[in-house]
Amino acid sequence: MKKICIIGASGKLGQYMVGHALDRGYAVVGVCRERSVGKLDEFKGRITVIPGATNDRQVIEKAVAGCDGVLTVLVPWGRQHYSTGTAQAVLNYAPPGARLIFSCGWHITRDGKDVYPRSLKAQEKIGRWIGRLTGFVDIDDQIEACRRVFASDTLWTVVRGSDLEEGESQGLPVWSRHVGDPILESNITRRVDFALFMVAALENDELIHEAPAIVGCQTPSALAHAA
Ligand SMILES: NC(=O)c1ccc[n+]([C@@H]2O[C@H](COP(=O)([O-])OP(=O)(O)OC[C@H]3O[C@@H](n4cnc5c(N)ncnc54)[C@H](OP(=O)(O)O)[C@@H]3O)[C@@H](O)[C@H]2O)c1
């Protein structure tokens, strides 16, 4: 794998992914909103930046051309089907055989077998309520985006992040198929390591057609499971 595209490169997760991808020697194309290009200044001269909305099909078509892998930050912002538009454009335009890695949270379920902590159910309820009230958030659109990914015959992986925190890397997170599995109980991952998992997934064929729910490898539940 030589060339990859990062869609949503200017966000917190995106910037960490750019760093990890450069460390691994990939040629990187990053897509971000025009007004956010400056957030990628520290990578100037080392990556190609394509400004534009991530649900703009022409932008995505241009950005993913010739890429062996695409890392997509799926965000539930707004009322314009931003998440669905982004995912659909990647599914349509990524070269056949490219590895496609999408980010989301534990709230996405692939098979309905996840068992959620009460706190997460409450968070989702509040998110929906705020979304309905303000129009800033559309969780159902992110759910629909992931449903389309799951149904596609591309080489996809959907990485489901736990609660996130900042801090130094602790190493590659551990994962499990279902929220509720004991190894995930700590429900916390460093954002830098979420990004590491996304980038490492590009070369991990065991993750093809999986929706790993991740947790930090140094958390109590991960360590207890390792023991
Ligand atoms: N935050 C959490 O606690 C959490 C927990 C689990 C999973 N996740 C998942 O992690 C991923 C990254 O989330 P994050 O919270 O860490 O955020 P983030 O990395 O900072 O990413 C936010 C992204 O959304 C874009 N964005 C912000 N406002 C927007 C708008 N109005 N319209 C379009 N795009 C907009 C940002 O672009 P600009 O740079 O242009 O602003 C950026 O690319 C997501 O897939 C999320 O579902 C997050």
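Values in this text are rule-based calculations from the coordinates and carry no lab data. Treat the numbers as computed from the prediction; the structure is a model and nothing was measured. Here the Cβ is made from the backbone with ideal geometry for all residues, glycine too, and neighbour counts use every protein chain on show.
Each Lys or Arg adds one and each Asp or Glu takes one away; over the other residues whose Cβ falls under 9 Å from the Cβ of Ala27, this sums to +2. Relative contact order for segment 135-227: 37 percent, from Cα pairs under 8 Å spaced at least 6 residues apart, divided by residue count. Using the Karplus relation 6.51 cos²θ - 1.76 cosθ + 1.60 with θ = phi - 60°, the per-residue 3J(HN,Hα) values for segment 162-176 come to 7, 4, 10, 9, 8, x, 4, 4, 10, x, 5, x, 9, 9, 8 Hz, with x marking Gly and Pro.
Local charge for Met198 was computed over the other residues whose Cβ lies under 14 Å away, with Lys and Arg +1 and Asp and Glu -1, and equals +2.
Summary of the geometry: segment 148-227 and segment 16-89, compared by the centres of their Cα atoms, lie 21 Å apart. A straight Cα-to-Cα reach below 27 Å connects Lys62 with the lysines Lys2, Lys3, Lys12, Lys39, Lys44, residues fewer than 8 places away in its own chain not being considered.
In order along segment 10-26, phi translates into HN-Hα couplings of 8, x, 5, 5, x, 5, 4, 5, 4, x, 5, 5, 5, 4, 8, x, 6 Hz, rounded to whole numbers, per the Karplus curve 6.51 cos²θ - 1.76 cosθ + 1.60 with θ = phi - 60° and x for Gly and Pro. One equal scatterer on each Cα of the chain, no solvent, Debye formula: the resulting log10 I(q)/I(0) at q = 0.08, 0.10, 0.12 Å⁻¹ is -0.26, -0.42, -0.61. Rounded to the nearest 20 debye, the dipole magnitude of segment 8-84 is 200 debye, with +1 charges on Lys and Arg beta carbons, -1 on Asp and Glu beta carbons, and the Cα centre as origin. As a rough footprinting exposure proxy, the listed residues Ile126, Ile47 were ranked by other beta carbons within 10 Å of their own, and the order from fewest upward is Ile126, Ile47. Between the amide H of Leu74 and those of Ser103, distances stay under 5 Å, these residues lying 5 or more places away or on another chain, with hydrogens modeled in the peptide plane.
Taking every C-alpha pair closer than 8 Å and separated by at least 6 residues, the mean separation divided by the residue count of the chain gives a relative contact order of 19 percent. To make sure I understand the rule: partners must be lysines, Cα under 19 Å from the Cα of Lys121, and not fewer than 8 residues away in the same chain. Which ones qualify? Leaving aside lysines fewer than 8 places away in the same chain, those within reach of Lys121 are Lys113. Ranking of Trp106, Trp77, Trp129 by neighbouring Cβ atoms within 10 Å, starting from the fewest: Trp129, Trp77, Trp106. Entry note, segment 1-66: relative contact order of 33 percent, from Cα contacts under 8 Å with a spacing of 6+ residues. Ellipsoid fit via the Cα gyration tensor, segment 158-225: semi-axes of 17, 15, 9 Å, each the root of five times an eigenvalue, largest first. Converting phi to 3J(HN,Hα) with the Karplus coefficients 6.51, -1.76 and 1.60 and the offset θ = phi - 60°, segment 155-161 yields 8, 8, 9, 10, 8, 9, x Hz in sequence order, with x at every glycine or proline. Charging the Cβ of each Asp and Glu at -1 and of each Lys and Arg at +1, and nothing else, the dipole of the chain about its Cα centre rounds to 520 debye. Since only Thr54, Tyr93, Gln123 are under comparison, the one whose Cα sits farthest along the positive direction of the charge dipole of segment 1-125, derived from C-beta charges on Lys, Arg, Asp and Glu, is Gln123. Ranking Thr134, Val199, Ser162 by Cα position along the charge dipole of segment 128-227, where only Lys, Arg, Asp and Glu carry charges on their C-beta atoms, puts Thr134 farthest toward the positive end. Summarising the strand pairing of segment 54-204, around 5 percent of its internal DSSP beta bridges are antiparallel.
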